[in-house]
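Student: First, the structure itself, so that you have it in front of you.
The values are calculated or read from the model by the stated rules, or taken from the named source; none is laboratory data. What you see is a predicted model; the values in this text were computed from it and never measured. Virtual Cβ from ideal backbone geometry, glycine too; neighbours counted across all protein chains shown.
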Amino acid sequence: MISTLDEVGTSQTLGGMVKTVRVLYTSRREFDSDGRGEEILFETRLRAISHKWERHENVDYKYSFFETSGQAGEEESMPSNMSSHSRRISKDDLFEALGPEDGRANTVVYVCGLPSMTDEFVELLKTAPGMEEKRVLCEKWW
């Protein structure tokens, strides 16, 4: 979905990038015997999209990567709108991404991942103050 928004750009008539976008992505990284970390699915693409939308005048785009391997990999230079964390996504991270309660009237959330994570996140987000169940969308990876 983020790739499509990125490709369309800021054209609202075509369903492009909205004014505020928060991407929280989590994965475990495996390391080889020399300590080199594997590339994670979508990692390069999400980093490139962050670079593209960094300091954009019409779009406030922030990407937070959460690595759950317990090891810190080598970190390339990150755009200013990206952060990297060596832990799981927390409830506080989700609420920070939602923004202030009084500004959630038009907020739409898309949760994608393993059922154990998606079920927990969807339940929390659909009952968050200022949110409605119909604005919390989910896709489970089986």
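Student: Go through (1) under 15 Å from Gly113 (Cβ atoms); (2) part of a loop (DSSP other than H, G, I, E, B) and name the single condition Leu46 misses.
Tutor: (2)
Student: While we're looking at this one, here's another question. Just to be sure before I move on: is Glu139 touching a Phe, Trp or Tyr at 6+ places or on another chain (Cβ under 9 Å), loosely packed, with under 11 Cβ neighbours inside 10 Å, over 19 Å from Thr20 (Cβ atoms) and among the acidic types (Asp, Glu) in the structure I sent?
Tutor: Working: touching a Phe, Trp or Tyr at 6+ places or on another chain (Cβ under 9 Å): yes; loosely packed, with under 11 Cβ neighbours inside 10 Å: yes; over 19 Å from Thr20 (Cβ atoms): yes; among the acidic types (Asp, Glu): yes.
When the stated conditions are applied, Glu139 passes them.
Student: Now a separate question. In this structure, does Thr20 turn out to be loosely packed, with under 14 Cβ neighbours inside 10 Å, among the hydroxyl-bearing types (Ser, Thr, Tyr) and closer than 25 Å to Val136 by Cβ? Write out each step before concluding.
Tutor: On the way: loosely packed, with under 14 Cβ neighbours inside 10 Å: no; among the hydroxyl-bearing types (Ser, Thr, Tyr): yes; closer than 25 Å to Val136 by Cβ: yes.
No; evaluated as a whole, the condition is false for this residue.
Student: Give me a count of the residues in region 100-122 that are exposed (fewer than 12 other Cβ atoms within 10 Å of the Cβ), within 21 Å of Ser27 (Cα to Cα) and free of Cβ contacts under 8 Å to residues at least 12 places away in the same chain.
Tutor: Of the residues in that region, 1 qualify.
Student: Next question, about the same structure. Name the pairs whose Cβ atoms lie under 8 Å apart, with the first residue in region 39-68 and touching a residue at least 24 places away in the same chain (Cβ under 8 Å) and over 20 Å from Arg88 (Cα atoms), the second basic (Lys, Arg) and surrounded by fewer than 19 Cβ atoms within 10 Å (Cβ to Cβ), and 6 or more positions between them or separate chains?
Tutor: Asn58/Lys19; Val59/Lys19; Asp60/Lys19
Student: Also, quick follow-up: Considering only residues that are at pLDDT 95 or above and surrounded by 14 or more Cβ atoms within 10 Å (Cβ to Cβ), look in region 83-95 and name the one that is farthest from Tyr61 (Cα to Cα).
Tutor: Here the residue is Ile89.
Student: OK, next. Going residue by residue through region 17-27, is there one that turns out to be without any contact (Cβ under 8 Å) to a residue 24 or more places away in the chain and out of contact with any helix residue (DSSP H, G or I) (no Cβ under 6 Å at 6 or more places or on another chain)? Break it down into steps so the answer makes sense when it comes.
Tutor: Initially, region 17-27 is screened for residues without any contact (Cβ under 8 Å) to a residue 24 or more places away in the chain, giving none.
No, that holds for no residue.
Student: Name the residue, out of Glu30, Glu75, that is farther than 20 Å from Asp93 by Cα, loosely packed, with under 15 Cβ neighbours inside 10 Å, modelled with pLDDT of 85 or more and not assigned by TED's automatic domain parsing to the domain that holds Gly113. Step through it out loud before you land on a result.
Tutor: On the way: Glu75 fails: modelled with pLDDT of 85 or more.
Result: Glu30 is the single residue among Glu30, Glu75 that is farther than 20 Å from Asp93 by Cα, loosely packed, with under 15 Cβ neighbours inside 10 Å, modelled with pLDDT of 85 or more and not assigned by TED's automatic domain parsing to the domain that holds Gly113.
Student: While we're here: Filter region 1-17 down to residues that are in contact with a Leu (Cβ under 9 Å, 6 or more places away or on another chain) and surrounded by 15 or more Cβ atoms within 10 Å (Cβ to Cβ) and give me whichever is modelled with the lowest pLDDT.
Tutor: Checked region 1-17; the qualifying residue modelled with the lowest pLDDT is Gly16.
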